[in-house]
Amino acid sequence: HPFGVAVPPAANGAGTIRFHVATENACTIAVADRAPVRFGAGDLVLVSGGAAHVLSDAPGRESVPLMEVLAGGFAGIGPVELGDGPERTVVVCGEFRVGASALHPFVRSLPPLLHVPGDGATSFEWIEQVLRHIEREARIRPTGHVEVIRRLAEILLIEVRRTRLDDGERGALS
């Protein structure tokens, strides 16, 4: 069944990095004037700068505002089912917000859309573990949870970015 979800720009703008991990089937993501990117089960995409984007079953699909999806029971983080039937796509979504920190030069070095294929050569088991730990910290809120979440988010972003770097881009991480 066709679907399209329009994710608005983040209120925190440049300090927001959104992520989507497909866990079942495939999805297309379109960010501003960039070519749409198809990502499938096991793939991860990062949208930097809090950019508006559209998740859909096909490029150019008419979309509904994210607020309508949220009204249907999706909290904005965790798994969301898009479409229905055997062709439905399940995507784990979330975002990180960074403030004034040493991470900013790194954040600015991210492209507007970063696609990390789960092609078998890359194991995303560690991503699942980090995301589970972030979710647990946010839900339980033990002492120091804000700093733990901040550090885990930094590690996640650095690890993902590191998997995609060419030798000429290493300056942002050195």
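In the set (1) under 27 Å from R162 (Cβ atoms); (2) more than 12 Å from the chain's Cα centre (by Cα), I29 fails one condition alone, (2). Taking the conditions (1) closer than 20 Å to R151 by Cα; (2) open to solvent by less than 20 Å² (accessible area, probe 1.4 Å) in turn, R97 satisfies each one other than (2). Annotation: of all residues in segment 136-162 being closer than 22 Å to P117 by Cβ and open to solvent by 70 Å² or more (accessible area, probe 1.4 Å), the one that is modelled with the highest pLDDT is I155. The strands (runs of 3 or more DSSP E) found wholly in segment 15-76 include none carrying at least 3 residues that are of a type in the set (A, V, I, L, M), on the phi > 0 side of the Ramachandran plot and open to solvent by 50 Å² or more (accessible area, probe 1.4 Å).
Considering the conditions (1) modelled with pLDDT of 80 or more; (2) assigned to a helix (DSSP H, G or I); (3) surrounded by 15 or more Cβ atoms within 10 Å (Cβ to Cβ), V90 is excluded by exactly one of them, (2).
The values are calculated or read from the model by the stated rules, or taken from the named source; none is laboratory data. Nothing here was measured: the structure is a model prediction, and the numbers come from that model. In this analysis, Cβ positions are derived from the backbone assuming ideal geometry, glycine residues included, and neighbour counts consider all displayed protein chains. The protein model used for the area step is the full one, side chains on, heavy atoms only, and it has no ligands, DNA or RNA in it. Shrake-Rupley method; radii C 1.70, N 1.55, O 1.52, S 1.80 Å.
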